[in-house]
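One structure, pasted below without further comment.
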Amino acid sequence: MLQQGSLVVANDFQNSDLFWALRGGGGGSWGVVLSVTIRTFPDPPVVVQSLTISSANYTAFWDLVEEFHVKLPEVDDAGGSGYYFLTGAAAGNVSSLAMALFFVGQTNETVVAELLDPLIEYANKTLGASSVVGRRVQAPAFRFLMDELLPGDSDTSGAIVRIGSRLVSRDLLSHRAGAAALTDALRQVFAPGVGAGGLITGHVVAGGQVARNAGLDVAVNPAWRRTLTHLVGGVSWPQGATVAEQRALERTVTEVMVPLFARLEPDMGAYLNEADANERDFQRSFWGKNYPRLREVKKKWDPKGIFITRRGVGSEDWDEEGFCRV
């Protein structure tokens, strides 16, 4: 029988059920990991495209956002990944779409140019050339590039924000109607009364090998295998905001912002590490069909529920504060 404080080895051959749960089942739910062995890879070359497009033309800007999302499946096919940021995208504002896309293993800038120059030309034509600022760089190693893009020893941090997130499938963005529906949802998120804190971040971190690894038996939400972009937005408030004001903004995330995206694809989900802290139906949203199996592993390895995190596996057995069983 497993004893409290037991030191165990978990891998594909020993305690494989615990190993499965640790690989995608959420942190803080299974025990204390004392050591881990990981596989590393050589630092590859990379081509990066940075691009910032700004405009005060509200309609034309959102047309550009739709064109960008139509382009994302091609970015994925070319091995691209990275991030993009929508800011100030409300009527009457100067709106911007900024991106940093990385084509790891690529040494030919022409491949990236053929892919993204049509988007740049579209922006120049509809928004004006002065609205577009771009840079394309080829680096011999990914680390070399990151040293150039992120100089110094520190990063800025520390902001008040309540976030929510959603996974968006490649299937949705593989036809214009889907890209248009997503664009409409994004536009609504920036509407007065929702706000998104003035920022939506798109993470192009799926597709590629994530999709090709669909056959791996791990606890990660299977929706990740169909995901093309992971969207994160939120609301913020000043330090002097009252608790009532904070709770009202939190409800905006849970009841307005997240549902705008969830309605697009009810069978997708959210990334648990950057999700709404009040995510509804979190079991399905974070783990999909894997949740029943995770619950069984939890009962075996932590029958007393010692390791509980908010919206984590087994947390429904406890109250919202995690103090009392329900």
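Every read-out reported here was derived from the displayed coordinates using simple, explicitly stated rules and does not represent laboratory data. Computed from a predicted structure; not experimentally measured. Using ideal geometry, Cβ is built from the backbone for each residue, glycine included, and neighbour counts are taken over all protein chains shown.
Net charge near residue 205, counting Lys/Arg +1 and Asp/Glu -1 over other residues with Cβ under 15 Å of its Cβ?
Local charge sum for residue 205: +3.
List, in order, the whole-Hz ³J(HN,Hα) value for each residue of segment 215-224 obtained from phi through the Karplus relation with A = 6.51, B = -1.76, C = 1.60 and θ = phi - 60°; use x for Gly and Pro.
Each residue of segment 215-224 in turn: x, 5, 8, 10, 7, 4, 3, x, 4, 4 Hz.
Still on this structure: Tell me which GluC sites (Glu not before Pro) from segment 223-326 have a DSSP coil assignment and no more than 14 other beta carbons within 10 Å of their own.
Passing both the DSSP loop test and the Cβ count: 320, 321.
Let me ask something else. Using helices alone, what [θ] at 222 nm do you get for the chain, with -39,500 (n - 2.57) per DSSP H run of 4 or more residues, divided over all residues and rounded to the nearest 500?
-10000 deg cm²/dmol
Sticking with this one: Determine, for each peptide in 17-24, 95-102, 262-269, the mean count of other beta carbons within 10 angstrom over its residues, then list the peptides with the highest first.
Order by mean packing, descending: 95-102, 17-24, 262-269.
Hey, could you grab the Kirkwood Rh for segment 197-249? Inverse mean 1/r over distinct alpha carbon pairs, Å, one decimal.
13.8 Å
From the square roots a ≥ b ≥ c of the eigenvalues of the alpha-carbon gyration tensor of segment 1-78, which class results: rounded (a/c under 1.5), prolate (a/b over b/c), or oblate?
prolate
What angle do you read, to the nearest 10 degrees and between 0 and 90, between the alpha-carbon axis of helix 243-252 and the longest principal axis of the chain?
So the helix axis and the longest Cα principal axis differ by about 70 degrees.
Here is a follow-up. Binning every alpha carbon pair distance of segment 46-282 at 5 Å from zero, what are the percents per bin?
1, 6, 13, 17, 19, 17, 14, 9, 3, 1, 0
Still on this structure, please answer the following. Can you tell me which lysines have their Cα less than 25 Å from the Cα of residue 304? Leave out same-chain residues fewer than eight positions away.
Within the straight-line limit of under 25 Å, residue 304 reaches these lysines: 289.
Here's something else I'd like to know. So what's the angle, to the nearest 10 degrees on a 0 to 90 scale, between helix 58-77 and the longest Cα principal axis of the chain?
60 degrees
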